[in-house]
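This report refers to the structure that appears directly beneath it.
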């Protein structure tokens, strides 16, 4: 079955702009999590959605938001971009969001803010 | 909140050498534990996971890990590394309320010289 699909793969934005990233989970998976990966901070949890509801949120400012649709696809939005938002944004898909079922990651969206 | 500590940021080995990457976590309750690998330019892939049962877990590509509850450790091992094992390795824990997030270590970059 198809894996986790993230679009776009690469983005270049200017400071102050906003950006929307998309994630399509594996068919049948209802949980989608988002992570930010940077060389300095490593992988940090942003938020997790299950059945269109945000269940958990990491320690990121309110400029970072997300949503999940009825088909489990998820989007994350970053408003008022800052240089420090440059990172690889990863989406992970899971049947239920519980570890025993495992998490499958997408290839990520590389965001560069200039 | 849980945290994950990986002992080495960089490891350099020659082919056929044995590998052990350390991982310790801080959480007093039940946990699910994971090792992920990220090959250059590729997405995160699951190497192995532990959620219950035999504390010695075998994964793909000859990797294994041992969960030692008393030491809060989940070290990754491979008896003989290959050049193709050059990658970044991440230990992660899934624990706490809802079990729906992964907390990652900072990662260990493994370089295997031929």
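The values are calculated or read from the model by the stated rules, or taken from the named source; none is laboratory data. As the structure is a computational prediction, the values presented were derived from the model and not from experiment. Ideal geometry is used to build each Cβ from the backbone, glycine not excepted, and the neighbour counts take in all protein chains shown.
Give A:9, A:63 a once-over and let me know the one that is over 22 Å from residue B:47 (Cβ atoms) and over 13 Å from the mean Cα position of the chain (by Cα).
On inspection, the qualifying residue turns out to be A:63.
Residue B:80 passes all but one of (1) in contact with a helix residue (DSSP H, G or I) (Cβ under 8 Å, 6 or more places away or on another chain); (2) in a loop (DSSP other than H, G, I, E, B); (3) within 14 Å of chain A (Cβ to nearest Cβ); which number fails?
It fails just one condition, (3).
Quick grid of which residues meet (1) part of a strand (DSSP E or B); (2) modelled with pLDDT of 95 or more:
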{"site": "B:46", "(1), (2)": "yes, no"}
{"site": "B:49", "(1), (2)": "yes, no"}
{"site": "B:53", "(1), (2)": "no, no"}
{"site": "B:70", "(1), (2)": "no, no"}
{"site": "B:76", "(1), (2)": "yes, yes"}
{"site": "B:84", "(1), (2)": "no, yes"}
{"site": "B:98", "(1), (2)": "no, no"}
{"site": "B:111", "(1), (2)": "yes, yes"}
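From A:91, A:23, which residue is outside any loop (DSSP other than H, G, I, E, B), closer than 22 Å to residue B:4 by Cα and either more than 13 Å from chain B (Cβ to nearest Cβ) or in contact with a strand residue (DSSP E or B) (Cβ under 8 Å, 6 or more places away or on another chain) (or both)?
From the options A:91, A:23, the qualifying one is A:91.
Within segment B:18-30, count every residue that is within 14 Å of the chain's Cα centre (by Cα) and either part of a strand (DSSP E or B) or closer than 11 Å to residue B:94 by Cα (or both).
Selection size over segment B:18-30: 6.
Quick one: which residue in B:15, B:88, B:64, B:20 is within 11 Å of chain A (Cβ to nearest Cβ) and at pLDDT 95 or above?
That would be B:88, the only listed residue that is within 11 Å of chain A (Cβ to nearest Cβ) and at pLDDT 95 or above.
Which numbered condition trips up residue B:33, out of (1) closer than 22 Å to residue B:103 by Cβ; (2) more than 14 Å from chain A (Cβ to nearest Cβ); (3) touching a residue at least 60 places away in the same chain (Cβ under 8 Å)?
Against the list (1) closer than 22 Å to residue B:103 by Cβ; (2) more than 14 Å from chain A (Cβ to nearest Cβ); (3) touching a residue at least 60 places away in the same chain (Cβ under 8 Å), residue B:33 comes up short only on (2).
Looking at segment A:35-53, is at least one residue away from chain B (no Cβ under 14 Å), touching a strand residue (DSSP E or B) at 6+ places or on another chain (Cβ under 6 Å), in a strand (DSSP E or B) and within 26 Å of residue B:45 (Cβ to Cβ)?
Within segment A:35-53, none of the residues are away from chain B (no Cβ under 14 Å), touching a strand residue (DSSP E or B) at 6+ places or on another chain (Cβ under 6 Å), in a strand (DSSP E or B) and within 26 Å of residue B:45 (Cβ to Cβ).
When you check residue A:60 against the structure, is it in contact with a helix residue (DSSP H, G or I) (Cβ under 9 Å, 6 or more places away or on another chain) and free of Cβ contacts under 8 Å to residues at least 40 places away in the same chain, yes or no?
no
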